[in-house]
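Accompanying notes for the structure given below.
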Amino acid sequence: MIVIYGGGAMGESLLAGLVRGGRDTADLAVCDRSAERARTLAERYGARQVEAEEGARSAEAVLLVVPPKAVPGLLDRIAPVLRPDCLVLSLAAGQPTGEVERALRPGTAVVRVMPNTAVEVGQGMCVLSGGRHAGPDRIAEACRLLGPLGDVVEIPEEQQDAATALAGSGPAYFYYVIEHLAAAGAALGLAPDAARRMAVAAASGAGGMLR
């Protein structure tokens, strides 16, 4: 079972992307500090709603999609019951793998991941870096798990801040460009909806050509 801890915007994008990518919903669970939010996501995507400790006991992989300040408290709850072979994917911005490793059982594989919001539609980018105990096999496992969300690139952890600026924040710049392309088209007399569709198609087509 894969457990997503954190039901915010990115947590939902990851859940939606995994479902869209064909992951069996019976293999997905979500946990959030708001039981109501977790229940909403579970019902929306067909996943299970679990409590923190419950999910950790049976999880093959956990995704920590909570603010950095919430990570220590969450790890205090799940570390004692987490399976020794569980793969821990930390998506907490700016959180080094070493900090997560120190809170877990020695030898636990931790992988730091920076995704962007396009994972929701399977066109995202996940940049990952393995911790001390995440060897090639665990990195490959992380890549397989994240693969349905889009492209996956492994980099040294010291480059994560640069990757966050490019891969994590990059889509916002394209939204800005598309917004202004569409506005320019409308100013030239095109219907706003048609102008927007043209701008989106131009960006999507250019991306496809570059691939």
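Within the stretch 82-97, work out how many residues are in contact with a helix residue (DSSP H, G or I) (Cβ under 8 Å, 6 or more places away or on another chain) and not in a strand (DSSP E or B).
The first filter runs over the stretch 82-97 and keeps only residues in contact with a helix residue (DSSP H, G or I) (Cβ under 8 Å, 6 or more places away or on another chain), leaving 82-83, 86-97.
Those left that are additionally not in a strand (DSSP E or B): 82-83, 86, 91-97.
Matching residues across the stretch 82-97 total 10.
Consider only pairs whose beta carbons are under 7 Å apart and that are at least six residues apart or on different chains; among these, list those whose first residue lies in the stretch 37-49 and is assigned by TED's automatic domain parsing to the domain that holds Gly17 and whose second residue is assigned to a helix (DSSP H, G or I) and surrounded by fewer than 17 Cβ atoms within 10 Å (Cβ to Cβ).
Once the first residue is assigned by TED's automatic domain parsing to the domain that holds Gly17 and sits in the stretch 37-49, its partners that are assigned to a helix (DSSP H, G or I) and surrounded by fewer than 17 Cβ atoms within 10 Å (Cβ to Cβ) give Tyr45/Thr25; Gly46/Thr25; Ala47/Thr25; Gln49/Arg39.
Can you name the number of the only condition in (1) more than 17 Å from His133 (Cα to Cα); (2) aliphatic (A, V, I, L, M); (3) in a helix (DSSP H, G or I) that Ala79 fails?
Failed condition: (1).
Tell me which residues, restricted to the stretch 47-88, are surrounded by 16 or more Cβ atoms within 10 Å (Cβ to Cβ), within 15 Å of the chain's Cα centre (by Cα) and farther than 13 Å from Ala109 by Cα.
Hits for the stretch 47-88 are Leu64, Val65, Val66.
Considering only residues that are outside any helix (DSSP H, G or I) and in contact with a Cys (Cβ under 9 Å, 6 or more places away or on another chain), which ones fall in the stretch 37-51?
Taking the stretch 37-51 first, the residues outside any helix (DSSP H, G or I) are 46-51.
Selection gives Gln49, Val50, Glu51.
Name the single residue that is farthest from Asp151 (Cα to Cα) among those in the stretch 186-201 being in contact with a helix residue (DSSP H, G or I) (Cβ under 7 Å, 6 or more places away or on another chain) and surrounded by 13 or more Cβ atoms within 10 Å (Cβ to Cβ).
As a first pass, look at the stretch 186-201 and keep what is in contact with a helix residue (DSSP H, G or I) (Cβ under 7 Å, 6 or more places away or on another chain): 186, 192, 195-196, 198-200.
Add one more test, that the residue is surrounded by 13 or more Cβ atoms within 10 Å (Cβ to Cβ), and what stays is 186, 195-196, 198-200.
Working: Ala186: 33, Ala195: 29, Arg196: 26, Met198: 25, Ala199: 23, Val200: 20 Å.
The selected residue is Ala186.
So which of Gly55, Gly17, Gly21, Gly11 ends up being under 23 Å from Gly124 (Cα atoms), modelled with pLDDT under 95 and either touching a strand residue (DSSP E or B) at 6+ places or on another chain (Cβ under 6 Å) or not assigned by TED's automatic domain parsing to the domain that holds Arg132 (or both)? Don't jump to the end; show me each part of the working.
Values: Gly55 fails: under 23 Å from Gly124 (Cα atoms); Gly17 fails: either touching a strand residue (DSSP E or B) at 6+ places or on another chain (Cβ under 6 Å) or not assigned by TED's automatic domain parsing to the domain that holds Arg132 (or both); Gly21 fails: either touching a strand residue (DSSP E or B) at 6+ places or on another chain (Cβ under 6 Å) or not assigned by TED's automatic domain parsing to the domain that holds Arg132 (or both).
It is Gly11.
Considering only the stretch 98-211, give the helices (runs of 4 or more DSSP H) lying wholly within it that have at least 3 residues that are touching a residue at least 40 places away in the same chain (Cβ under 8 Å) and assigned by TED's automatic domain parsing to the domain that holds Pro72.
Numbers: elements: 136-146, 160-163, 170-187, 192-210.
By residue number, 136-146.
So which pairs qualify, if the first residue must be in the stretch 54-65 and more than 16 Å from Ala38 (Cα to Cα), the second must be surrounded by fewer than 23 Cβ atoms within 10 Å (Cβ to Cβ) and among the β-branched types (Val, Ile, Thr), the Cβ gap must be under 6 Å, and the two must be at least 6 apart or on different chains?
As it stands, the answer is Arg57/Val81; Ala61/Ile2, since those pairs meet every condition given.
Kindly provide the set of residues from the stretch 16-36 that are under 26 Å from Ala79 (Cβ atoms) and either in contact (Cβ under 8 Å) with a residue 24 or more places away in the chain or part of a loop (DSSP other than H, G, I, E, B) (or both), ordered by number.
Leu18, Arg23, Asp27, Leu28, Ala29, Val30, Cys31, Asp32, Arg33, Ser34
Specify the residue that is farthest from the chain's Cα centre (by Cα); the eligible residues are those in the stretch 159-196 that are at pLDDT 95 or above and charged (D, E, K, R).
In this case the residue turns out to be Asp193.
The values are calculated or read from the model by the stated rules, or taken from the named source; none is laboratory data. Predicted model, so just to flag it, every value in this text is computed and none were measured. So basically every Cβ, Gly included, is an ideal-geometry build from the backbone, and we count neighbours across all protein chains shown.
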